[in-house]
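A.B. asks: The structure's right below; bear with me while I get my questions together.
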Amino acid sequence: MFNYVTNTTFAEIADRIRAAGHVALITHSKPDGDAVGSQLALRRALSALGKRVTLYAMGPIERSLITVAGETPMRQAEDDPPYDDHDLLLIVDTGAWSQLEPLAQWIRQRHDLAVVLDHHVHGDDVAALRIVDSNAAAAATLVIRLLDELGYELTGGVGSVAEALFFALATDTGWFRFANANADAFALAARLMEAGIDNSRLYQISEESFEPSRLAVEARALSSLEYALDGRAAFQFLRLEDLKETGASVEELTGLVNNPMSVGTVRISILLAETEPGRTKVSFRSKPPLDDGLWIDVNELAGQLNGGGHAHAAGARLPCGIDEAARIVRRTLEEL
Ligand SMILES: [Mn+2]
């Protein structure tokens, strides 16, 4: 397997940025809050430093992310292919070809110009230079280190760099509840709040701005709940008709996998959603070990299904219907 480790320094990346004429900002398709927040922070900061920067997005973008983006321009890579004159590609929050698919071929031809900033355990040789820190709570904590290296002075307020970084950090740590919310994460949060961000505004944008269809599909997911392994595993199932009848989109399923974690016995929660006929999206969450030492590395579990993520939050996509997907996931879980 490719050795996905750091091979450069923030200082070297900062030099590359200083020397660059036109920077491309890239993240994984179907971006989450950390992905877009990290891109927005870089777009805003590098522009303020006088750089020409283009931010590319791929796949559907949740409405909350569009709200946070505000006036900052984002270019949909599928509709508007990248410019030809980029001399630096900054890829954040992923280093995996499977997550870069719409731009993968384009990036492959520019390997020497590409730089990755990532906090995932696994990745591919997508870039000549890379910083990988799986202890980082979010890609945003790597972005701030790069901005510090560039001497960027942090600004607050609506549409600011601090706001984008806070949104990234807060969403990737489940608003500072998950196991990845370490001391660095809280220290960065404090620094961003001192720069002047409205955290309750961001919370409302992220967690309290859904359509009624979200609650309707959440009710469906909860009513499908099944326990396994003596109550240690929780499964939720969303079928095609659940999405159709509630009018919920795939983006509205974000976070539903967390609900069963409120039950004490549950150590792993799994949500299976058939998003298209013959395609099932599987989300995994696990709790850090308590005294019993029992825990499941869901990154490893997802990896066996050609997916990935983090030790406590991961996902995979299976090219089959939900019943077959459920059989495969149960079998893989039991083997672990
Ligand atoms: Mn992330």
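Every number here is computed from the coordinates shown, using simple stated rules; none is lab data. Just so it is clear, the structure is predicted and the values come from calculations on it, not from any experiment. Don't worry about glycine lacking a Cβ; one is built from the backbone with ideal geometry, like all the others, and counts go over all protein chains shown.
A.B. asks: I'm checking a number: the convex hull volume of the Cα atoms of the stretch 10-207, normalised per residue, in Å³. What is it?
C.D. replies: Taking only Cα atoms, the stretch 10-207 has a hull volume of 105 Å³ per residue.
A.B. asks: Would you kindly compute the Cα radius of gyration of the stretch 1-76 and its largest Cα-Cα separation (Dmax), both in Å?
C.D. replies: 13.8, 41
A.B. asks: So how far, in whole Å, is the C-alpha centre of the stretch 262-336 from the one of the stretch 38-53?
C.D. replies: Cα centroid of the stretch 262-336 versus Cα centroid of the stretch 38-53: 36 Å apart.
A.B. asks: Same structure again: Pull up the DSSP beta bridges for the chain and report the antiparallel fraction as a percent, rounded to 5. Kindly include the intermediate steps, with their values, before the conclusion.
C.D. replies: On the way: 19 of 44 bridges.
DSSP beta bridges in the chain are roughly 45 percent antiparallel.
A.B. asks: Also, I was wondering about something else. Give the calculated FRET efficiency between residue 210 and residue 330 to the nearest 0.05, with a Förster radius of 35 Å applied to their Cβ-Cβ distance.
C.D. replies: Working from the Cβ atoms, E equals 0.70.
A.B. asks: Could you give the distance between the Cα centres of the stretch 102-146 and the stretch 179-234, to the whole Å?
C.D. replies: 25
A.B. asks: Which FRET efficiency, nearest 0.05, do residue 177 and residue 5 yield, Cβ-Cβ r, R0 30 Å?
C.D. replies: It comes to 0.55.
A.B. asks: Order of 103, 65 from fewest to most other C-beta atoms within 10 Å?
C.D. replies: Ascending Cβ contact count within 10 Å gives the list 103, 65.
A.B. asks: Which residues' amide hydrogens lie under 5 Å from the amide hydrogen of residue 22, considering only partners 5 or more residues apart or on another chain, with H built in the peptide plane?
C.D. replies: Here 87, 88 satisfy the definition.
A.B. asks: What is the gain in length, in nm to one decimal, between residue 244 and residue 18 on full extension, counting 0.36 nm per residue of separation less the C-alpha to C-alpha distance? Please list the in-between numbers first.
C.D. replies: On the way: separation 226, 0.36 × 226 = 81.36 nm, distance 4.91 nm.
Here the segment from residue 244 to residue 18 would lengthen by 76.4 nm.
A.B. asks: Would you tally the net charge around residue 157, using a Cβ to Cβ cut-off of less than 14 Å, leaving residue 157 out, and scoring K and R as +1, D and E as -1?
C.D. replies: Charge balance in the 14 Å sphere: -3.
A.B. asks: Taking θ = phi - 60°, what integer Hz values does the Karplus form 6.51 cos²θ - 1.76 cosθ + 1.60 yield along the stretch 156-173, in sequence order, with x for Gly and Pro?
C.D. replies: x, x, 5, x, 9, 5, 4, 5, 4, 5, 5, 4, 4, 5, 5, 6, 6, 9
A.B. asks: Let me know the volume per residue of the alpha-carbon convex hull for the stretch 212-335, in Å³.
C.D. replies: Per-residue hull volume (Cα only) is 93 Å³.
A.B. asks: Can you tell me which of 251-264, 111-124, 132-145, 212-225 comes out highest on packing, and rank the rest after it, using the mean Cβ neighbours within 10 Å?
C.D. replies: Taking the mean over residues of other Cβ atoms within 10 Å, the ranking is 132-145, 111-124, 251-264, 212-225.
A.B. asks: In addition: For the stretch 212-335, with only Lys/Arg (+1) and Asp/Glu (-1) charged at the beta-carbon, what is the dipole magnitude about the Cα centre, in debye rounded to 20?
C.D. replies: 120
A.B. asks: Per DSSP H run of n ≥ 4, the term is -39500 (n - 2.57); total these for the chain, divide by its residue number, and report the mean residue ellipticity at 222 nm rounded to 500 deg cm²/dmol.
C.D. replies: Result for the chain, helices only: -11000 deg cm²/dmol.
A.B. asks: In the stretch 230-286, what % of DSSP beta bridges are antiparallel (nearest 5)?
C.D. replies: Numbers: 8 of 14 bridges.
Of the beta bridges lying entirely in the stretch 230-286, close to 55 percent run antiparallel.
A.B. asks: Go through the stretch 198-215 residue by residue and turn each phi into a ³J(HN,Hα) via Karplus (6.51, -1.76, 1.60, θ = phi - 60°); whole Hz please, and just put x for glycine and proline.
C.D. replies: 9, 5, 6, 4, 5, 4, 4, 4, 7, 10, 10, 10, 7, 7, x, 4, 5, 5
A.B. asks: Among 249, 29, which comes first, then next, by fewest other beta-carbon atoms within 10 Å?
C.D. replies: 249, 29
A.B. asks: Next question, about the same structure. Please compute, over every Cα-Cα pair in the stretch 176-255, the percentage with a separation greater than 14 angstrom.
C.D. replies: Distances greater than 14 Å cover 73 percent of the Cα pairs.
A.B. asks: Taking the Cα centre as origin and putting +1 on Lys and Arg beta-carbons and -1 on Asp and Glu beta-carbons, what dipole magnitude results for the chain, to the nearest 20 debye?
C.D. replies: Details: 30 positive and 48 negative charges, 5 e Å.
Rounded to the nearest 20 debye, it is 20 debye.
A.B. asks: Over the alpha carbons of the chain, what is the largest minus smallest coordinate on each principal axis, giving the biggest first in Å?
C.D. replies: The principal-axis extents, from largest down, are 57, 43, 41 Å.
A.B. asks: Right, something else. Per residue of the stretch 140-151, in order, report the coupling 6.51 cos²θ - 1.76 cosθ + 1.60 (Karplus, θ = phi - 60°) as ³J(HN,Hα) in whole Hz, putting x for Gly and Pro.
C.D. replies: Once rounded to whole Hz, the list reads 4, 6, 7, 4, 5, 5, 5, 5, 4, 4, 7, x.
A.B. asks: What ranking of 165, 238 emerges when the number of other C-beta atoms within 10 Å of each C-beta is taken as an exposure proxy, fewest first?
C.D. replies: Details: 165 32, 238 25.
Arranged by neighbour count, lowest to highest, 165, 238 become 238, 165.
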